[in-house]
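Heads up: the structure comes next, in structure tokens.
The values are calculated or read from the model by the stated rules, or taken from the named source; none is laboratory data. Bear in mind that the values here come from a model prediction, so they are computed numbers and not experimental data. Every residue, glycine as well, gets a Cβ built from its backbone with ideal geometry; the counts of neighbours run over all protein chains shown. Just the protein is used for accessible areas: all its heavy atoms, side chains included, with ligands, DNA and RNA removed. Shrake-Rupley method; radii C 1.70, N 1.55, O 1.52, S 1.80 Å.
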Amino acid sequence: AGRWMAAVAASLSDPALPEHVSPGDVSLRALSMGCMTRPGLMDTARSYFPHLTASTCDRLSREPDILHAEKVRCQREMEQLAVTNYAAFIGSAKVTQAVRQEVVGIQKQLDDMAAILEPMSTEIQEFQGKSAGLVTRRAALQNVLQQHGMLLELLELPQLLEACVRNQMYEESLELLAYCSSMLQAHEARGEEILVMTKLADQVAVQRANLQSSLMAQLATDIHLPQCVRVVGFLRRAHRHSEDELRHLFIKHRGAFLDKHKQQVELLRATRGSVVTALKSAADLLRTHVYDIGTQYQALFQQDEGPLVPWLSAQIAWLTGLLQAHVAPERGPAATPMQGPLGGGGGFPAAGAAGRGGVHLGVARVDAASLMTILRQCAQASTALKRLGGHFFPANQGL
């Protein structure tokens, strides 16, 4: 018995057996395979093994009978239990069958519901896609609502710029333009295409051009050096023109202011009996406004002549042309012309030419007293323009 129990223990610990075994070992192998396929049997065998090892030989010899009697008792109790509780077993079977049938019915209803709801799933997915866009738009509108005050300020910037330019508040206009430029550059750096910002940029560009036009219009009025310095400073801060362009623009618009006075002189020339007044006004124009414009240019652009020299020469040539047209007498057909200050005819002939050649000299259009006054004013204008390099009176002494 001890050897048989040892073999059982060995089979339990190592189910693999050699190929050549005895008939007794076959039963052990079957027991081992049964333990492997039924883990509960293995646990029962392990718990029963200490009882066998502790039993005596007589106990072991009676063990089969004891086990058989135990088996019979268990069967009897099971039969008695089944007879006693058969109604409960039958009821449980009926309930199980009813539940099974209900489960089958429920499954069938679920399949029908799935078939009905399958088209709805597609619509639900489409609704989810649309709702995602609505959620994004709602978030955007919520952001717009939160930033409502700032958006109003941005949209009012063009109107504010227009009001500042109209009221000649150039300092505030430049500050607003600088703010708009930084904001628009930040928007361009983000690379987003926003229609409102594009329109805002166009409107700001229009107001920038209006500011430029307003400043240029200031140069075309009767302003003095402090105002010129202020206006040119604003133009430089606008960063729209280079220094060379600013020089030409300054001469152009200040020359436009001078041209208005020259037109008045031309109107006086056309009036009979106002030639002397026109010539005096022309000389005073060079002495005052031309001199002021020249000094303003030199003060603003650091003595850089640039376009000032040809412009100043043009104004001197204008006055000289007026003097030649109205002061020099008309020449007869045999008169000997004298080279004028600009290299053309129009001066008096040499002294005594009338007596020697009998040439008719003609009558001067300006009397001697008026001529003296005109020449004196021309000398004063020449002295003033001498500081600018425009000393022109020696060229008119021949008149």
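Compute the accessible area per residue over the stretch 161-216, keeping the other protein chains in place, probe 1.4 Å, unit Å².
Details: 3290 Å² over 56 residues.
In whole numbers, the stretch 161-216 has 59 Å² accessible per residue.
So which of K71/K94; K280/K386; K262/K386 end up more than 24 Å apart by C-alpha? Kindly include the intermediate steps, with their values, before the conclusion.
On the way: K71/K94 31 Å; K280/K386 19 Å; K262/K386 21 Å.
Correct reply: K71/K94.
Per residue, what volume in Å³ does the Cα convex hull of the stretch 132-254 take up?
Working: hull volume 13.2 nm³, N = 123.
So the per-residue hull volume is 108 Å³.
How do C74, C228, C57 stack up against each other in accessible area, from largest to smallest, with a 1.4 angstrom probe?
Numbers: C74 55, C228 0, C57 100 Å².
So, going from the largest accessible area down, we get C57, C74, C228.
Would you tally the net charge around L184, using a Cβ to Cβ cut-off of less than 14 Å, leaving L184 out, and scoring K and R as +1, D and E as -1?
Overall, the nearby charge balance is -1.
Principal axis lengths of the stretch 72-182 from Cα atoms, whole Å, largest first?
120, 35, 18
At 1.4 Å probe size, with no ligands or nucleic acids counted, give the accessible surface of E126 in Å², nearest ten.
Probe radius 1.4 Å; accessible area of E126 about 110 Å².
Rank these by accessible area, largest first, 1.4 Å probe: S242, S370.
Values: S242 55, S370 25 Å².
From most accessible down to least: S242, S370.
Using a 1.4 Å probe and ignoring any ligands, DNA or RNA, find the accessible area of R73 and quote it in Å² to the nearest 10.
Its accessible surface works out to 90 Å², give or take rounding.
Whole number in Å², please: accessible area per residue of the stretch 226-309, 1.4 Å probe, ligands, DNA and RNA not counted.
On the way: 4390 Å² over 84 residues.
Here the residues of the stretch 226-309 average 52 Å² of exposed surface.
Computed over the Cα atoms, what is the radius of gyration of the stretch 229-269 divided by 2.2 N^0.38 Å, N being its residue count?
Values: Rg = 13.9 Å, N = 41, 2.2 N^0.38 = 9.0 Å.
The value comes to 1.54.
Please give the per residue volume of the convex hull enclosing the alpha carbon atoms of the stretch 100-161, rounded to a whole number of Å³.
Details: hull volume 5.5 nm³, N = 62.
Cα-based convex hull of the stretch 100-161, divided per residue, equals 89 Å³.
Please report, as a whole percent, how much of the solvent-accessible surface of the stretch 171-297 comes from carbon and sulfur atoms (probe radius 1.4 Å).
On the way: 3680 of 6860 Å².
Whole-percent figure for carbon plus sulfur exposure: 54.
For L308, L41, L195, what's the largest-to-smallest order of accessible area, 1.4 Å probe? Don't jump to the answer; show the numbers that get you there.
Values: L308 5, L41 60, L195 115 Å².
Descending accessible area places them as L195, L41, L308.
Could you tally the net charge around K252, taking each other residue with its Cβ under 11 Å from the Cβ of K252, Lys/Arg +1 and Asp/Glu -1? Let's see the in-between values first.
Numbers: positive: R247, R254; negative: E245, D259.
With Lys, Arg at +1 and Asp, Glu at -1, the net is 0.
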